[in-house]
């Protein structure tokens, strides 16, 4: 299968290319910042998505058209069919899936062009209202938590933004953990939120509110979340060793993806506990920074904070909380509160040593925090 790069980040250009790649005979579409990609990829490939991710490690993932279509149909089976608004970058898997869902449903997606802002989002959302045979067509969108928080902040003084949030049948929220306080605010304004879990390697979100989509299976092996099913990517372009390592096949012939996330299942519901490699050793004790971050994000004003590892002369490693400065936020008192909350939720050894207030957190194009940049600026090398 021939592989062609989309020359621009314009969502309409990506949509045109995906229409041929997913519904037609190709060529496959190369998206993202990948370099030195081959001119040909495996038969059935629809897209090669390259992203550095939040940790700065590049990867080029080949996804088959069958995987993208299976994911789109499974989403429709879970939350319903309708019209989609693209509000995330089209070159990331979440954006690709919004476009594919629209394509397989036979509808043109609404597109939010330019930088994400609450006003244009509300206008685009409210402009989607339509009816078929006298029945309103449900609308859907996909956002990352930082976008949702901006909309909720705006909705406090802008009724149109609040009405736009309520207009969607469902809003998928993925890309990173959603702070409970943000979800509560969304529910209070009337937004119908679905938390999604997945990655480029699983064609985007494949577990909704802890429940795998139809056809998707989840297993916990040695504490690690593994995913199987028809939405799995083919692997990493030009990296057969990494593909074999992260996409193993078990004795029964089932192919799995090793997510690198820790997790547990109770009554069929998946709970992700954090990245297995996002662990520091402080005073000889393993501390999950994802658990620390989850505790910190439960504090008002710190819903988007990021926890990074730092060097500690006494304990070997510690952590720092980096947050956007909020009006009236007292640094000393807030750090004391953070340390008390983390001690209660995770344990005294996990208490962050520092609180760093910045004007704004650096973000990737996907809307996720740029953790690699934050570690370079404020953190220390991991020693575990």
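Before moving on, here are some points about what is shown:
- Filter result for residue 287 (assigned to a strand (DSSP E or B) and either in contact with a helix residue (DSSP H, G or I) (Cβ under 7 Å, 6 or more places away or on another chain) or surrounded by 13 or more Cβ atoms within 10 Å (Cβ to Cβ) (or both)): yes
- Criterion: crowded, with 20+ Cβ neighbours inside 10 Å, touching a strand residue (DSSP E or B) at 6+ places or on another chain (Cβ under 9 Å), outside the structural domain of residue 75 (by TED's automatic domain parsing) and under 29 Å from residue 37 (Cα atoms) - qualifying residue of 229, 263: 229
- Inside region 339-359, residues that are touching a helix residue (DSSP H, G or I) at 6+ places or on another chain (Cβ under 6 Å) and either over 17 Å from residue 304 (Cα atoms) or in a helix (DSSP H, G or I) (or both) make up a count of 6.
- Evaluation of residue 59 against (1) touching a helix residue (DSSP H, G or I) at 6+ places or on another chain (Cβ under 7 Å); (2) closer than 22 Å to residue 205 by Cβ (one fails), failing number: (1)
- Filter result for the condition that a residue is touching a helix residue (DSSP H, G or I) at 6+ places or on another chain (Cβ under 8 Å) and within 23 Å of residue 162 (Cα to Cα), over 72, 87, 115: 87
- Tally, over region 335-356, of residues that are without any contact (Cβ under 8 Å) to a residue 60 or more places away in the chain and closer than 16 Å to residue 379 by Cβ: 4
- Taken as a whole, the structure leaves residue 258 outside the set of residues that are part of a strand (DSSP E or B) and under 16 Å from the mean Cα position of the chain (by Cα).
- Count of region 243-254 residues which are under 25 Å from the mean Cα position of the chain (by Cα) and either loosely packed, with under 12 Cβ neighbours inside 10 Å or free of Cβ contacts under 8 Å to residues at least 12 places away in the same chain (or both): 4
- Listing of helices (runs of 4 or more DSSP H) fully contained in region 106-199 that carry 3 or more residues being surrounded by fewer than 19 Cβ atoms within 10 Å (Cβ to Cβ): 118-126, 159-167, 180-189
- Within this structure, residue 187 passes the test of being assigned by TED's automatic domain parsing to the domain that holds residue 91, free of Cβ contacts under 8 Å to residues at least 12 places away in the same chain and closer than 30 Å to residue 137 by Cβ.
- The listed residue being over 18 Å from residue 192 (Cβ atoms) and either under 22 Å from the mean Cα position of the chain (by Cα) or in contact (Cβ under 8 Å) with a residue 40 or more places away in the chain (or both), out of 134, 95: 95
- Of the criteria (1) surrounded by 19 or more Cβ atoms within 10 Å (Cβ to Cβ); (2) assigned to a strand (DSSP E or B), which one residue 293 fails: (2)
- Hits in region 303-330 (condition: at positive phi and either at pLDDT 95 or above or part of a strand (DSSP E or B) (or both)): 316
- Residue 300 vs. criteria out of contact with any strand residue (DSSP E or B) (no Cβ under 7 Å at 6 or more places or on another chain) and farther than 16 Å from residue 344 by Cα: yes
- Any chance residue 264 is in a loop (DSSP other than H, G, I, E, B) and over 23 Å from residue 44 (Cβ atoms): no
- Residue 25 vs. criteria in the same structural domain as residue 104 (by TED's automatic domain parsing) and outside any helix (DSSP H, G or I): yes
- Among the residues listed as 339, 333, the single one being at pLDDT 95 or above, farther than 18 Å from residue 179 by Cβ and not assigned by TED's automatic domain parsing to the domain that holds residue 175: 339
The values are calculated or read from the model by the stated rules, or taken from the named source; none is laboratory data. Computed from a predicted model, the values in this text were never measured in an experiment. Here Cβ is always computed from backbone atoms with ideal geometry, including for glycine, and neighbour counts include all displayed protein chains.
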